[in-house]
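Trainee: I'd like to ask you about the structure that follows.
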Amino acid sequence: MFLINCPYCGERDQSEFSAGGEAHIIRPKQPTELSDDQWAEYLFMRKNIKGVQFERWNHAHGCRKWFNMVRDTSNDKIHAVYKMGEKPPIK
Amino acid sequence: MSKNLRITNNKFIDQTTRISFKFDGKTLYGFKGDTLASALLANNIHLVGRSFKYHRPRGIMTCGSEEPNAIVQLGNDPSMTEPNTRATEIELYEGLEASSQNCWPSVKFDIGAVNNFFSPLLPAAFYYKTFMWPANFWKLYEYFIRKSAGLGKSPTEPDKDIYDHRYLHCDVLVVGGGISGIMAAKTAAKNNFNTVLIDDKNILGGNTLFQQNECFKINNSYSNEWLKKEISTLNLFKNLNIKTRTSLAAYHSYNYLLARENLTDHLDFNEKKNKIRQRLWKIRAKKVIIATGAIERPLIFNNNDRPGIILSSSIKKYIDYYGVKCGQKISLFTNNDSAYETAISLSNSGVKVNSLIDIRDKTNSLIVTQAEKLGIKIHWKSTVVNTNGYKKINSIEIMKLSDDGTAVVESKTKEQCDCLGISGGWTPRVHLFTQSGGKLKFRDEDNVFLPDKSDLDQISIGSCNGDFELDDVIKNSVNLTNKFLKVNNNDYEKLEIISSKEIDKKNIWLLPSDKPLGKTKPFLDFQNDSTANDVKLALREGFKSIEHVKRYTTTGMATDQGKLSNMHALGIIAETAGVKMGELGTTTFRPPYTPLTFGAIVGRNVGKFFDITRKTPIHDWHVENKAEFENVGQWKRAWYYPKDNENMYDAVQRESKAARDSAGILDASTLGKIDIQGSDASEFLNRVYTNAWSKLEIGKCRYGLMLNEDGMVYDDGVTTRLSENHYLMTTTTGGAANVLSKLEDYLQTEWPELDVYLTSVTDHYGTVSICGPNSKKILSKLIPDLDLSDKKFPHMSFKSALIDNIKCRVMRISFTGEHSYEINIQSSYAKSVWEKCFEAGKEFNITPYGTETMHLLRAEKGFIIAGQDTDGTMTPVDLQMDWIISKKKYDFIGKRSLYRSDTIREDRKQLVGLLTENPNEILEEGAQIVAKTNKKPIEMLGHVTSSYFSPNLNKSIALAVVKNGKKLKGQKMFVPMKNKTINVTITDTVFLDKENKRLNA
Ligand SMILES: [Zn+2]
C-alpha cells in the first residue's frame, strides 16, 4: 500500500485516496467545434504506460482535493506530487 | 511422559510445571514452555499425520513455521476448532486438545494408505489426469478425495473469539529477534530511532539462544551467554518496542507490513476468556531491517519421509532448548558442518550418536575435529540409500558415493537407529524480501538465493542475507546496520569471536540410490507428497517453466508454500534441464508467510460492524410500524408496511391505491442533498445539467438530468433555488456520493475559476413527502398561515415555513404525479414532523408507503429511475427525454457526445412502455423482448427494466428498452419465458394522467 504525500495534508495511507486516471488531459474549451475523432481522442484515449506516468489522484477520505502524481507503474515509485494547475516538476 | 526422553539439566523451559494435554484423545503430559511438537516427542510420539496423496505415515520434521508434516487440528469446539496448525508452533497449555489430520479413520490405521501400494499409479498430476474426465464425474471423485485427503475440518459455527487491528508507525522495524536482529534493534534504539523488534517465538534469541558450543564463542563465553546479556540490556530503551509471538505475515510496497500478534493462544482456557485472541498490526516503517534467519534444508534420498527423520538443527533445538531427545540412537546425515553441532549437543547430553554420514570427502574444520574428538564415527563420502521402518524409522542403509557423486559404489551397510537427523545446508528466508518486490541473486558457491536489489528503504542482515557463520553474521550485520541507519555504533567492534569455519562444501540435489529412480521415493514436498521423480516426469512431459512444473506437480503449493522443498525442486529442474539455477529463477513467495486466521484478517469488522448501516432520522417510526426494510446502498429504507398478514404484493397494491385516492406519506430522507453556494452557482448548474438554469427564479425548483462526458445519463434530481447564489440539489439515494465527487472533480480541475462551494447535507435534513389529492388539506392543517393556492405556491416551487416552530423547507414537487409536497427539516426534528404529518393526515386515511410503492407510482407516470431504467448506455434521447436537452446552451457535460456517430444511430435501444395482452400477466424485470419466435437464432431486441401491476389502472404495466423502440409504438412483441411466451405491445411510457391533471388537483 502506497504512502501518498498529499500536497495539502502530507503523508497518508493509500486507502484514503482514489485514483482518477491520466493527468493533464484538458477538457476542450469548445467541444462543439471538434470532429468525432477529435472528441473521441479526448473522451476515450488514455495512455497505459509501463514506466513513468502522470496521474490524477483524489484525497477522497481526507481533504477531498484533487492533485497530480508522477508514478512509475513498473515499481510503484512516486516521483512527485503537485497541485492541480501546477506544471509537473519532472518531465 | 517417557522420562528417559527428557534431560533434566535443561534450563530453558520450566520443568517444574507439568501440563496435561490431549493428542488424538489420549492424555499426555509436557512442561510449561514446550511446544506441542516437543511435548509429543518427549512422549515418544513421532507419527502425527498421513501424507496427502499416498497417506504415508509422517512425523514431526522441524521445530518451526516451516513444518510440513505435523499439521494438526486444534480443539474440537464447533466454533473455535482450527485446522492446519503447526504442532511446532503451538505453545503447550493446560487442557490443550489436538488431533491428527489427513488420516481416516485413525493415524495408525489409515484406509488411504492403500494409495501407497498403488503409488506407481499416482504419478505427478495424477489428480489432474485421472479425475478430470469425464467432467460430470467430478462430483463423485471430489467426495472421496475430500473424505480421504481431509485437509482438516472447518469450524461449523461463528468464531467466538475477539480479534483486533491496530496501526503502528515507527522509524525502524526489525523483523526477527535472533543475534543479528537483536544487535540491529539495539543499534537503532541507541541512536534514538523509534524502533520495533518483532519475533514469532515467545522469547528472543533465535538459534543462538541455546548455542553452547566450544566452537562458537564471543569474548570467551558461549555465544548464548553473550547474547543473553545483550538481550537483558534491551529493556533500557524506552524507544524500543519488543513484540514476541508476533509473526510477520506480509511485506508490501512503501514499507507497509502486516504482522499477527498471538495474544492468548498460549494461555489456558480460563486465562483466554474475554481477551483479544490475535491482533493484526498494520505497520508503516520508515526503515525495515529483515533478520529472519535461514531454514535448514532436508536431503533428498529414497524414503526420506519416515517418522523419525528430522532436520538436524531441529534435533539440536529439541535437545538443547526443550531438553527432549528425539531418539535414543540417532544417526545424522549431512552435506555440511552444521550437523556436527547437533552431534556434539547430543553427545554432551548423553545421547548416543550412531554415526554421521557426510557426503563430502574428509574435512578438517574446527567443529569436525571437535566431533571426532568426542569419538563420533563419521562415514565420509557416503550417502543414505534407503530407510526402513513403517510407522517410525528403525534403520538406514549406507553406501559410498562415486567420485562424481552420481552413483553409489561398494557394499551396503545397515545401521540401526530410531531417529535420523538430516541437513542439506541452509536456505536464507528471503520470503519477506521478495514479497516486498525485491529481486534475488544466486550464489553458486553454496546454492542460495540472496537479496539483491530493492526499491524500498530496507536491508537484510544475518543468515537471511547469506551469512551462516557466527563471525560473518556479527561483522556483516553490524556494518550493514551502521551504514543503513547512517550511524556509527562501535559496541561490537572489539568482540573476540571464535567461530568454526566450514572448509568444504558439496551439494547433490537428488542423492543417488542403488535402486533405479522409478523404484525409489525421494520426497521433495512432504506436505503435498511430490517426489523428485514427479518433477523429472513433468520435465519429460515437456514442462519447462518453474511456475508450470510447480503447478503440475503441486510442489511447493501446500500450506507451507514449499519452505523446505522449493530449492531442491529448482535444483533438480536446473540439473535435469541443463540450465544454471540462477538463470532459472525462483517461484514467487506470496503473503501471508504463514497462514492467517480469518479472524485476524477481518478483526472487528464482523456482524453489524461488517459494513456501515445508514438509518434515516425517521427509522424508529418505521420499525414501530412494522415496516419491512430494503438495503439501498448502505441505507435501510422502508420497503413496505404490511398490515395484518399481507404479503408484499398486497401491501404495495393497498399503499399505491391509497396514495392516489387520498394521501400517502413517504420517508425520502435518503435522497442525496448537496448545498451549492457561490456567485457562479447558476453557471455551474448550467454546465453540469443538460437543461438551462440561469433563468430559474428564486423560490422555484427544476428537474435536471446529469450526463457523463460520454453522453450517457448518470443521475437525476430536483434542484431548488433558495436565493440568488444558493441552491439545494437532490440526487438519487445511491448516486449521492458519486455525484458530489464528480462535481468536485470538475470544479477543482476543469473550472477552478468558478466561485462555487459544494457541501453534502444529506444527513443534515430529513425529508417527509406527502402526496395525493388530500395532501394540500393535510399541509394546510400543519401550516395554516401558508397560502397553498396554485397561484402562490405552484407546482415546482419552494417556501420556508414553520411547523410548530420547527423551521422547514417545503417544496411542491412530485415523483408520483400526484399533488405532492416534500418537507425538509433539520434531522433531529424529522421524526417529530413526520408524526405531526401522520396525525394531521389521519382523517384522510394517510397511508405510509415504502420504496416499492414509490417505484410503482412513478412507473405509472413513466418517470425513470436512474440505475434501474438506465444502465450507463442510455442517452436522454434514448429515454425519449429530448425536451430536457437545452438547444441554446453552448456546452454542458456530455453535450458533444450526444451527436457522435454512435449516439445518433436511430436503432439504439430506447425506453418504451409495454402492455401485456393479458392485463393480469406481470412481466419479469430483466426478461428479454423479441419480435419473432420462430426463426432461430432469435435476435434479442431489448429487455424489461421495470414491471408492476398497477392497482390504479387495474392492469399490468412495464417499462423496457427496445432497439429502435421509438418507432415501434403499437407493435406486437414477445417476451419468451421458461414455460410460455407472453404477448406484449409497445406503448408510450406514460400510462396514467398523460395531461398531468393530478399535479394540480
Ligand atoms: Zn489531503
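Trainee: State the percentage of accessible surface on segment B:863-1000 attributable to carbon and sulfur atoms; use a 1.4 Å probe and exclude ligands, DNA and RNA.
Mentor: Accessible surface attributable to carbon and sulfur in segment B:863-1000 totals 51 percent.
Trainee: Also: Using the basic label-point model (7 angstrom from Cα toward the beta carbon), what is the B:Val761 to B:Thr8 distance in nanometres?
Mentor: Spacing of the two 7 Å Cα→Cβ label points: 8.5 nm.
Trainee: Can you grab the distance from the C-alpha centre of segment B:641-685 to the C-alpha centre of segment B:775-837, Å, no decimals?
Mentor: Their Cα centres are 14 Å away from one another.
Trainee: What's the magnitude of the charge dipole for the protein assembly as shown around its Cα centre, counting Lys and Arg as +1 and Asp and Glu as -1 at the beta-carbon? Answer in Debye, nearest 20.
Mentor: 880 debye
Trainee: Counting pairs of alpha carbon atoms under 8 Å apart in space and at least six apart in sequence, what relative contact order in percent does segment B:633-754 give?
Mentor: Dividing the mean separation by the residue count of segment B:633-754 yields 23 percent.
Trainee: I've got another one for you. In segment B:333-453, carbon and sulfur make up what percent of the accessible area (probe 1.4 Å)?
Mentor: Whole-percent figure for carbon plus sulfur exposure: 48.
Trainee: Quick check: from the Cα gyration tensor, does chain B come out rounded (a/c under 1.5), prolate or oblate?
Mentor: prolate
Trainee: Let me ask another. Once you list every other residue whose beta carbon is under 15 Å from the beta carbon of B:Lys352, what net charge do they have if Lys and Arg are +1 and Asp and Glu are -1?
Mentor: Summing Lys and Arg as +1 and Asp and Glu as -1 gives +1.
Trainee: Count the net charge of all other residues whose Cβ sits under 9 Å from the Cβ of B:Gln212, scoring Lys and Arg as +1 and Asp and Glu as -1.
Mentor: Summing Lys/Arg as +1 and Asp/Glu as -1 gives -3.
Trainee: Can you compute the helix-only [θ] at 222 nm over chain B? Use -39500 (n - 2.57) per DSSP H run of at least 4 residues, normalise by all residues, nearest 500 deg cm²/dmol.
Mentor: Only helices count here, giving -6000 deg cm²/dmol.
Trainee: On to the next question. Given charges of +1 on the Cβ of Lys and Arg and -1 on the Cβ of Asp and Glu, with all other atoms neutral, how large is the dipole of segment B:863-1000 about its Cα centre, in debye to the nearest 20?
Mentor: 440 debye
Trainee: Determine the dipole magnitude for segment B:329-464: charges of +1 sit on the beta-carbon of Lys and Arg, -1 on that of Asp and Glu, nothing else is charged, the reference point is the Cα centre, and the result goes in debye to the nearest 20.
Mentor: Around 500 debye, computed over segment B:329-464.
Trainee: How big is the B-A contact in terms of buried accessible area, both chains counted, 1.4 Å probe, rounded to the nearest 100 Å²?
Mentor: Roughly 2500 Å².
Trainee: Additional query: Mean separation of Cα pairs under 8 Å and 6+ residues apart, divided by the residue count of chain B: what relative contact order is that in percent?
Mentor: 9 percent
Trainee: Roll a 1.4 Å probe over the protein chains and send me the accessible area per residue for segment B:863-1000 in Å².
Mentor: Heavy-atom accessible area per residue stands at 51 Å².
Trainee: Another question about this same structure. Roughly how many whole Å is it from the C-alpha centroid of segment A:7-69 to that of segment B:354-412?
Mentor: Measuring centre to centre over Cα atoms gives 67 Å.
Trainee: For chain B, what is the percent of antiparallel DSSP beta bridges, rounded to the nearest 5?
Mentor: 75 percent
Trainee: So how do B:831-841, B:297-307, B:586-596 stack up, highest first, on mean other-Cβ count within 10 Å?
Mentor: With the highest mean Cβ count within 10 Å placed first, the list reads B:297-307, B:831-841, B:586-596.
Trainee: Distance check, please: which entries in B:Lys22/B:Lys153; B:Lys673/B:Lys887; B:Lys392/B:Lys521 exceed 21 angstrom between their Cα atoms?
Mentor: B:Lys673/B:Lys887
Trainee: Further, regarding this structure: Please list B:431-443, B:283-295, B:497-509, B:877-889 highest first by mean number of surrounding beta-carbon atoms within 10 Å per residue.
Mentor: With the highest mean Cβ count within 10 Å placed first, the list reads B:283-295, B:431-443, B:497-509, B:877-889.
Trainee: List the residues of segment B:249-269 for which accessible area in the full set of protein chains is at least 30 Å² lower than for the chain on its own; 1.4 Å probe, protein heavy atoms only.
Mentor: When all protein chains are present, B:Ser253, B:Tyr254, B:Tyr256 each give up 30 Å² or more of accessible surface.
Trainee: Which of B:Leu267, B:Asn490, B:Met796 sits farthest toward the positive end of the charge dipole of the protein assembly as shown, with +1 on the Cβ of Lys and Arg and -1 on the Cβ of Asp and Glu?
Mentor: B:Leu267
Trainee: First select every other residue whose beta carbon is under 10 angstrom from the beta carbon of B:Phe991; then total the charges, Lys and Arg +1, Asp and Glu -1.
Mentor: Result for the neighbourhood of B:Phe991: 0.
Trainee: Efficiency by 1/(1 + (r/R0)^6): what FRET value for A:Glu33 and B:Glu547, r their Cβ-Cβ distance, R0 = 45 Å, to the nearest 0.05?
Mentor: 0.25
Trainee: Of B:Asn686, B:Phe991, B:Pro307, which is farthest on the positive side of the dipole of chain B, counting Cα position, with +1 on Lys and Arg Cβ, -1 on Asp and Glu Cβ, and the Cα centre as origin?
Mentor: B:Pro307
Trainee: Test of the criteria: in chain A, which chymotrypsin sites (Phe, Trp or Tyr not before Pro) are in a DSSP loop and have at most 16 other Cβ atoms within 10 angstrom of their Cβ?
Mentor: Taking chain A and a limit of 16 other Cβ atoms within 10 Å, the loop chymotrypsin sites (Phe, Trp or Tyr not before Pro) found are A:Tyr8.
Trainee: Among the lysines, which have Cα under 16 Å from the Cα of B:Lys486 when same-chain residues fewer than 8 positions away are ignored?
Mentor: Reachable lysines: B:Lys186, B:Lys190, B:Lys286, B:Lys287.
Trainee: Using +1 at the Cβ of each Lys and Arg and -1 at the Cβ of each Asp and Glu in segment B:338-465, identify which of B:Gly350, B:Asn364, B:Ile459 lies farthest towards the dipole's positive end.
Mentor: So the residue we want is B:Gly350.
Trainee: Still on this structure: Mind scanning B:Lys352/B:Lys412; B:Lys201/B:Lys544; B:Lys273/B:Lys615; B:Lys217/B:Lys243; B:Lys889/B:Lys967; B:Lys776/B:Lys966 and naming the pairs with a C-alpha gap bigger than 31 Å?
Mentor: B:Lys201/B:Lys544; B:Lys273/B:Lys615; B:Lys776/B:Lys966
Trainee: Does segment B:863-1000 classify as rounded, prolate or oblate by the C-alpha gyration tensor (a ≥ b ≥ c root eigenvalues; a/c under 1.5 gives rounded; else a/b over b/c gives prolate, otherwise oblate)?
Mentor: Oblate.
The values are calculated or read from the model by the stated rules, or taken from the named source; none is laboratory data. Computed from a predicted structure; not experimentally measured. A quick note on method: Cβ atoms are made from the backbone with ideal geometry, for glycine too, and the neighbour counts reach across all protein chains shown. Areas reflect the complete protein model, heavy atoms only, side chains present, ligands, DNA and RNA absent. Shrake-Rupley method; radii C 1.70, N 1.55, O 1.52, S 1.80 Å.
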